[in-house]
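Participant: Below are the structure tokens for one structure; questions will follow.
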């Protein structure tokens, strides 16, 4: 009985702690999945220079939009396209600050090492086993835009929930090819450029959520600074246009 | 010829068993012994639900289990049936389908198996129950259904684990009547000395997971080698003729019977049911006779007294009543026993002399 | 409230009510937000109907496979003693505690096009499992089978082995005994196992999307449809969620709660 009571008390205490743990001065940043490596590096650099802690959380842009709509705690939000960002703005949590474009990106075909299906250009994807991003995430929307404009019809074997799981399916050789951002290319895959896609870029908006921590502005400035931009460029992102 | 010759050891968990006996040409075998002495294990070993770790089991001319030659006949290929205590009637089948089960196992069609089963049920007077499920049956009915099912396999050997335990007197008699008619070799585990006397002529006695004695019934009754056996068989047996409620011993002594009987019978009663009196007793025990004390044997607080007269029998009384009676070897004394203490058996067993 | 013999202590009643509330309240929330006026219209959309039928096909096939594989497995775990029994049991139950995504990844490594078995399947028979309905069935079975096995094992353990022995004694072969005595005795737990594994397969998401991907024709079951809808069209998501609640609840209720609770 005593044990039971103390367990109950313990659980109650834990609940109280967890539900109040908004971790003081740490900056909470929600970022699109394609920004994973870039933002991890930028956050490290920012922390070591300013001493302010940054907590990162990555997901597909549309998932992040849903999180913001549902009231997830956040100070800064960075997405992979402007269309999804419109939804975030409609949530009414971005009234105090305007968004800024901080990077651009475009798509490329990737294949498993050795390119077993001998893909040379985007039209070769017709009739092949292909993984694409689901249409509600920015990379999926961008893919659809390009494919439609080229009058190609691709029947993907799978619609993946974000760009990183497209890459995983390609890396594992489960599909013949996938379409991802140029920034997602690793040495585990072979990249085959889509000439047309360099004109169809996606622009990455970033904004400060209402009632954010004061350091949010510093973080945003840091991303736009030459150091932040340098990291982004090195990882393949284009300059904001 | 289904004599069993078993000589071997087995191990179940931490318990070790060693069985060694043979039954020769006897067809009515009882396995007796205190609780936990290995009786059920012995049956399971013969049926093939346990196997020997050494030694061999021979039934008739065939070896059934012999670890050294890696011979083991699986249970379903042994021409015998083990009927568990309680009957193990299949709860999901009707009485008819339970009895038809061995036919189905032999490959008969459902229709043929059922019609054969109905014949068996007819023989057993169970026809009315054929569409019932086991949970709707009484204990006695279940026991009869189980027996009917065992016999439809026409086994050479029928192993029964306490076939009448927890049954009412009426049902016990019914089961005994069926078993007495059988031609099959019977192995019966029993806790009831009267049942043993009724159903068997050969005894395998177990104690502490070993066979301590085996042989024909008389020899075990006359020369029990353990206190437990002595106590188990502490029965007086008298042959004679029954006419209605009256029994006349071969020597002409008259005794009252608890039920109506007729013809040659034996009556049995435990020695502890015999009372001794210095003068002819009056009152309820009408069964009385005059005897001479020809033997005395003391065990702790109990005295076993051998009485000789028109028939021989034993009486067991406490030390206190013995001293009160002030009796000695050679004295003449009155013995009595209540009619309700008498058990009547068909006359197949030679009486103790 | 009716109690059988003695009054239920208030503290237990209160705690039980709290537990029930935790389970029930989310569905109240869902029901309250569901746009009932457009429910039928959304629920009968072609894509939703396709997802429903895919879900039915996958859950039913998966339950059938569980039935075929799970009965012998559960029975052996309960009745046969062998070296490594504990390890086998732990492996069988692993998918219950493993995140389904991890299970899906593991399936990819084994049965994917480059997996150590999948590679053979592909090069010898031209069979590839990922992104096909067959793959989705395997993913669903992977997570549902342990529920079935557990249900069989627990009742096979309690099974009176004397009945099986009696059957052997009456001349039935071991395999005949299994079908005519063991299976009928396990009837209620088999039914409970089917219900549980069917329901688990119906709700499967993580292993499916990881191993079988999201293919509208082949693998987009209701949970995957729900996941997409959640980020694009919340109304649709609520309708699909409610649809799953209705389907699962009606199955669990028609299969009678008492099959799931051992009497």
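Every number here is computed from the coordinates shown, using simple stated rules; none is lab data. Treat the numbers as computed from the prediction; the structure is a model and nothing was measured. Neighbour counts run over all protein chains shown; Cβ positions are idealised from the backbone, glycine included.
Participant: Note down the nm distance, to one decimal, between modelled labels 7 Å out along Cα→Cβ at residue A:227 and at residue B:223.
Facilitator: So the two model labels end up 10.9 nm from each other.
Participant: Tell me the volume per residue, in Å³, of the convex hull enclosing the alpha carbons of chain C. The partial results should precede the final answer.
Facilitator: Working: hull volume 49.5 nm³, N = 263.
Spread over its residues, the Cα hull of chain C gives 188 Å³ apiece.
Participant: A follow-up question, please. Using a 10 Å cut-off on Cβ atoms, rank the peptides C:211-221, A:162-172, C:165-175, B:121-131 from the highest mean neighbour count down.
Facilitator: Values: C:211-221: 24.8, A:162-172: 23.1, C:165-175: 21.3, B:121-131: 15.6.
Taking the mean over residues of other Cβ atoms within 10 Å, the ranking is C:211-221, A:162-172, C:165-175, B:121-131.
Participant: What are the semi-axes of the equivalent ellipsoid for the protein assembly as shown, taken as the square roots of 5 times the Cα gyration tensor eigenvalues, largest first, in whole Å? Walk me through the intermediate numbers first.
Facilitator: Numbers: eigenvalues 1483, 182, 121 Å².
Taking √(5λ) for each Cα gyration eigenvalue gives 86, 30, 25 Å.
Participant: Hey, another quick one. With each pseudo-label sitting 7 Å past Cα toward Cβ, what's the residue B:329-residue C:86 distance in nm, one decimal?
Facilitator: Computed distance between label sites residue B:329 and residue C:86 equals 6.7 nm.
Participant: Taking the Cα of residue B:5, stepping 7 Å toward and past its beta carbon, and measuring to each backbone N in the stretch B:214-230: which are under 20 Å?
Facilitator: Residues B:214-216 qualify, since their backbone N sits under 20 Å from the label point.
Participant: Highest mean first, what order results for C:227-235, B:222-230 on Cβ atoms within 10 Å?
Facilitator: Working: C:227-235: 18.1, B:222-230: 14.3.
Taking the mean over residues of other Cβ atoms within 10 Å, the ranking is C:227-235, B:222-230.
Participant: Still on this structure, please answer the following. Within 10 Å of each Cβ in peptide B:82-92, how many partner chain Cβ atoms are there on average? Round it to a whole number, please.
Facilitator: Values: counts 6, 3, 6, 1, 2, 2, 10, 2, 8, 4, 7.
Rounded to a whole number, the mean comes out at 5.
Participant: Going by average Cβ density within 10 Å per residue, which order do the peptides B:49-60, C:113-124, B:200-211 take, highest to lowest? Could you put the intermediate results ahead of the total?
Facilitator: Working: B:49-60: 18.0, C:113-124: 15.3, B:200-211: 21.2.
Packing order, densest peptide first, comes out as B:200-211, B:49-60, C:113-124.
Participant: Here is a follow-up. Helix A:138-149 against the longest principal axis of chain A: what's the angle in degrees, Cα atoms only, rounded to the nearest 10?
Facilitator: The two axes meet at around 20 degrees.
Participant: Between residue C:245 and residue C:175, what FRET efficiency comes out of the Förster formula 1/(1 + (r/R0)^6) with R0 = 30 Å and r the beta carbon distance, rounded to 0.05?
Facilitator: Details: r = 42 Å, r/R0 = 1.41.
It comes to 0.10.
Participant: Kindly list the residues of the stretch B:248-290 that lie in the label zone of residue B:301, defined by a backbone N under 20 Å from the point 7 Å along the Cα-to-C-beta vector.
Facilitator: Once the point is set 7 Å along Cα→Cβ of residue B:301, B:271-276 turn out to lie under 20 Å by backbone N, inside the stretch B:248-290.
Participant: For helix B:110-123, what angle does its Cα long axis make with the longest principal axis of chain B, in degrees from 0 to 90 and rounded to 10?
Facilitator: Tilt relative to chain B: about 10 degrees.
Participant: A further question follows. Please tell me the relative contact order of chain A in percent, rounded to the nearest whole number, where contacts are Cα pairs under 8 Å and at least six residues apart. Intermediate values should be presented prior to the final figure.
Facilitator: Values: 435 pairs, mean separation 67.2, N = 241.
Computed value for chain A: 28 percent relative contact order.
Participant: For helix A:215-224, what angle does its Cα long axis make with the longest principal axis of chain A, in degrees from 0 to 90 and rounded to 10?
Facilitator: 20 degrees
Participant: Does anything in the stretch B:140-162 have its amide N under 14 Å from the 7 Å Cα→Cβ label point of residue B:118, and if so which residues?
Facilitator: Backbone N within reach: none found.
Participant: So what's the projected area for chain A, the Cα convex hull averaged over all directions, in nm²? List each step's numbers first, then the result.
Facilitator: Working: hull surface 65.3 nm².
In nm², the orientation-averaged hull projection of chain A is 16.3.
Participant: Can you give the average number of partner chain beta-carbon atoms within 10 Å of each beta-carbon in peptide C:158-167, as a whole number?
Facilitator: Working: counts 0, 0, 4, 2, 8, 6, 3, 8, 14, 7.
What the average comes to for C:158-167 is 5.
Participant: Could I ask something else about it? Go from 0 up to the bin containing the longest alpha carbon distance in the stretch B:236-346, width 10 Å each, and give me the % of pairs per bin.
Facilitator: Histogramming the stretch B:236-346 at 10 Å steps yields 15, 48, 29, 8, 0 percent.
Participant: If you don't mind, another one. For chain B, report the convex hull volume of the alpha-carbon atoms normalised per residue, in Å³, without decimals. List each step's numbers first, then the result.
Facilitator: Numbers: hull volume 55.9 nm³, N = 353.
Taking only Cα atoms, chain B has a hull volume of 158 Å³ per residue.
Participant: For residue C:41 and residue C:119, compute 0.36 nm times the residue count separating them, minus their Cα-Cα distance, and round to one decimal in nm.
Facilitator: Numbers: separation 78, 0.36 × 78 = 28.08 nm, distance 4.36 nm.
Contour length minus the Cα-Cα distance gives 23.7 nm.
Participant: OK, next. Report the FRET efficiency, 1/(1 + (r/R0)^6), for residue C:158 and residue A:48, where r is their Cβ-Cβ distance and R0 is 56 Å, rounded to 0.05.
Facilitator: On the way: r = 63 Å, r/R0 = 1.12.
In this case the efficiency is close to 0.35.
Participant: If you don't mind, another one. Calculate, in nm to one decimal, what residue B:243 and residue B:68 gain on full extension: separation in residues at 0.36 nm each, minus their alpha carbon distance. Don't skip to the answer; put the middle values down first.
Facilitator: Details: separation 175, 0.36 × 175 = 63.00 nm, distance 5.82 nm.
Additional length available on full extension: 57.2 nm.
Participant: Using 0.36 nm times the number of residues separating residue B:216 and residue B:290, minus their current alpha carbon distance, what extension gain do you get? It would help to have the intermediate numbers written out before the result.
Facilitator: On the way: separation 74, 0.36 × 74 = 26.64 nm, distance 3.16 nm.
Fully extending the segment from residue B:216 to residue B:290 adds 23.5 nm.
Participant: Also: Past the 23 angstrom mark, what percentage of all C-alpha to C-alpha distances in the stretch A:107-199 do you count? Intermediate results must be reported in sequence, preceding the final value.
Facilitator: Working: 368 of 4278 pairs.
More than 23 Å apart: 9 percent of the Cα pairs in the stretch A:107-199.
Participant: At R0 = 56 Å, how high is the FRET efficiency between residue B:25 and residue C:60 if r is their beta carbon distance? Nearest 0.05 is fine. Before the final figure, lay out the partial values.
Facilitator: Values: r = 63 Å, r/R0 = 1.12.
The formula returns an efficiency of 0.35 here.
Participant: Shielding of C:182-192 by partners, i.e. mean partner chain Cβ atoms within 10 Å per residue? It would help to have the intermediate numbers written out before the result.
Facilitator: Values: counts 0, 1, 4, 3, 0, 1, 0, 0, 0, 0, 0.
What the average comes to for C:182-192 is 1.
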